[in-house]
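Notes for the one structure printed next.
The values are calculated or read from the model by the stated rules, or taken from the named source; none is laboratory data. Not measured: the values here are computed from a predicted model. Neighbour counts run over all protein chains shown; Cβ positions are idealised from the backbone, glycine included.
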Amino acid sequence: MGKYEKGTPKEIANRCKSKGLQKLRWFCQMCQKQCRDQNGFKCHLMSEAHQRQLLLFAENPDTYLKEYSEQFEKAFLTVLRNTFGTKRVRANEVYQEYIRDKMHVHMNSTTWHTLTNFVLYLGSSGKCRIDQTEKGWFIALVDQEEEMRKQEAAHKAKADHDDEERQQQLLEQRVERARERLRDEEGHESGPSKLQRTDNDDKIAFSLAPKKAIATELVRPTTSAAAYSSSIFEVKTTVKKEEIESDKPSSSKKMKYSDTSEKRTKFNDDDRMRRSEKEVKKEIKPGAEGNSKHEETKTKRSALDEIREMEERKKERQNRKDYWLHEGIIVKVMTKKLGTDFYKSKGVVKSLVDEYTALVDVDGAVVKVDQEHVETVIPAVGRHMLIVNGAYRNTKAVLESVNERDFSVTLRLDEGHAKGRVISVPYEDASKLA
């Protein structure tokens, strides 16, 4: 059948039908074909191509409905964003603007049978702000990018505030430790030191040299300076005379006096020795030996603690890195750049692309993330964790407790030469194991 000549009524009618919208009941969504009249639509329904499309739709109708619904929603929101922006507008005006495209997805092929149902869906999903008046439904597009920017700014401000608080607390703790160390040093320097004995079996011996008995004549004190000076000279003279006389042979009376003085001196020395030995025995009790051992053990322990602290500080300097990602740990995605579906979702680190980037399995989907966009996960008490940074980097441990005030966790090491040791590390230095 040939074409109608140009300018004839039939050719003009066909040209008018080809422009703009045709009747909705003559449109086939599966074949995406618009028929001009009822006769053409009937012929299309009996065609072989249409029958094949119907068989495909009958096999999986939900998939086709979901696909058409997504296409309709995406195109509708695109028209709303490009034409009206975020202004409040009638929903029917947006729909009329949308259906100007001849090849648009018709609403009767979606899960929404009316425009009202679709508007209610947009309001419940948070994509638009809706309200109903006497003139009908009004909608206003919610700028998701602006909301994301606000949320990211709020999250960043909160993170900065938390970091400032954490740094302030760490600074206060360091100042307090420095003050305590200074007080201990001052007390150690000014306070009395305890006796440190290396060998408890050594005996303590005392040797007291006996003093010579000197007999002096008592001189009556006088008030005058001359008398005082003369008494001093008299005492010195008497002492010298007695020393000289003791060396010379004396009479029987002098011998008796000297014997008596020697016996008295010897008795005083023996008595003094016995009293000193008793005092020493009283002071040295059986418990003193145990106390000395305890003090010695305490001193040795403090030295071991100092050595251990030095080793841990050395390990901290060696193992403290600016990257912390490890395979097998669980992390939480803290960015919306990957989509809202992945935001705050937990995943397992499958492999490392480099020191700062990893492939994370989130609900079956593998995404590539940077360590700045993820954070560590703290499990329940008693679960296993991996220390990802610090002195015990790449060491497995068991969570003992969570210290919310210090932003740290208490861990018990589960492997290595320090197995069983209890340590405290910040939140960002340990993560849950998969």
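Answer yes or no as to whether Ser401 is closer than 23 Å to Gln169 by Cα and either under 12 Å from the mean Cα position of the chain (by Cα) or aromatic (Phe, Trp, Tyr) (or both). Judged against the criteria, Ser401 is not a match.
Of all residues in segment 411-430, those satisfying the criterion of being buried (at least 17 other Cβ atoms within 10 Å of the Cβ) and in a strand (DSSP E or B) are Leu411, Leu413, Ile423, Val425, Ala430.
Among the residues of segment 356-385, those identified as touching a Lys or Arg at 6+ places or on another chain (Cβ under 8 Å) and either assigned to a strand (DSSP E or B) or at pLDDT below 90 (or both) are Thr357, Ala358, Leu359, Val360, Asp361, Val362, Val366, Val374, Glu375, Thr376, His384, Met385. When you check Met148 against the structure, is it over 26 Å from Lys336 (Cβ atoms), of a type in the set (A, V, I, L, M), surrounded by fewer than 16 Cβ atoms within 10 Å (Cβ to Cβ) and at pLDDT below 85, yes or no? Spelling it out, it is not the case that Met148 is over 26 Å from Lys336 (Cβ atoms), of a type in the set (A, V, I, L, M), surrounded by fewer than 16 Cβ atoms within 10 Å (Cβ to Cβ) and at pLDDT below 85. Restricting attention to segment 313-355, which residues are over 20 Å from Val366 (Cβ atoms), surrounded by 13 or more Cβ atoms within 10 Å (Cβ to Cβ) and of a type in the set (Asp, Glu)? Of everything in segment 313-355, just one residue is over 20 Å from Val366 (Cβ atoms), surrounded by 13 or more Cβ atoms within 10 Å (Cβ to Cβ) and of a type in the set (Asp, Glu), namely Glu316.
Among the residues in segment 326-345, are any in contact (Cβ under 8 Å) with a residue 40 or more places away in the chain, in contact with a Phe, Trp or Tyr (Cβ under 8 Å, 6 or more places away or on another chain) and part of a strand (DSSP E or B)? Scanning segment 326-345, I find at least one residue that is in contact (Cβ under 8 Å) with a residue 40 or more places away in the chain, in contact with a Phe, Trp or Tyr (Cβ under 8 Å, 6 or more places away or on another chain) and part of a strand (DSSP E or B), so the answer is yes. Residue-level analysis places Ala154 outside the set of residues that are surrounded by 11 or more Cβ atoms within 10 Å (Cβ to Cβ) and either over 45 Å from the mean Cα position of the chain (by Cα) or under 25 Å from Thr340 (Cα atoms) (or both).
Residues in segment 331-356 that are touching a Leu at 6+ places or on another chain (Cβ under 8 Å) and of a type in the set (S, T, N, Q): Ser351 alone. Against the definition (among the charged types (D, E, K, R), at pLDDT below 75 and loosely packed, with under 10 Cβ neighbours inside 10 Å), how does Lys3 come out, yes or no? Spelling it out, Lys3 is indeed among the charged types (D, E, K, R), at pLDDT below 75 and loosely packed, with under 10 Cβ neighbours inside 10 Å. Taking the criterion of being touching a Phe, Trp or Tyr at 6+ places or on another chain (Cβ under 8 Å), of a type in the set (S, T, N, Q) and modelled with pLDDT under 85, would at least one residue in segment 268-286 satisfy it? Scanning segment 268-286, I find at least one residue that is touching a Phe, Trp or Tyr at 6+ places or on another chain (Cβ under 8 Å), of a type in the set (S, T, N, Q) and modelled with pLDDT under 85, so the answer is yes. Taking the criterion of being hydroxyl-bearing (Ser, Thr, Tyr) and surrounded by 13 or more Cβ atoms within 10 Å (Cβ to Cβ), the residues of segment 65-96 that qualify are Tyr68, Ser69, Thr83, Thr86, Tyr95.
Tallying residues that are crowded, with 18+ Cβ neighbours inside 10 Å and either over 14 Å from the mean Cα position of the chain (by Cα) or of a type in the set (Gly, Ala, Ser) (or both) within segment 376-395 yields 5.
So which residues in segment 97-106 are over 16 Å from Cys35 (Cα atoms) and exposed (fewer than 12 other Cβ atoms within 10 Å of the Cβ)? Listed by number, the list holds a single entry, Arg100.
Residues of segment 356-375 that are among the hydrophobic types (A, V, I, L, M, F, W, C) and surrounded by 13 or more Cβ atoms within 10 Å (Cβ to Cβ): Ala358, Leu359, Val360, Val362, Ala365, Val367, Val369, Val374.
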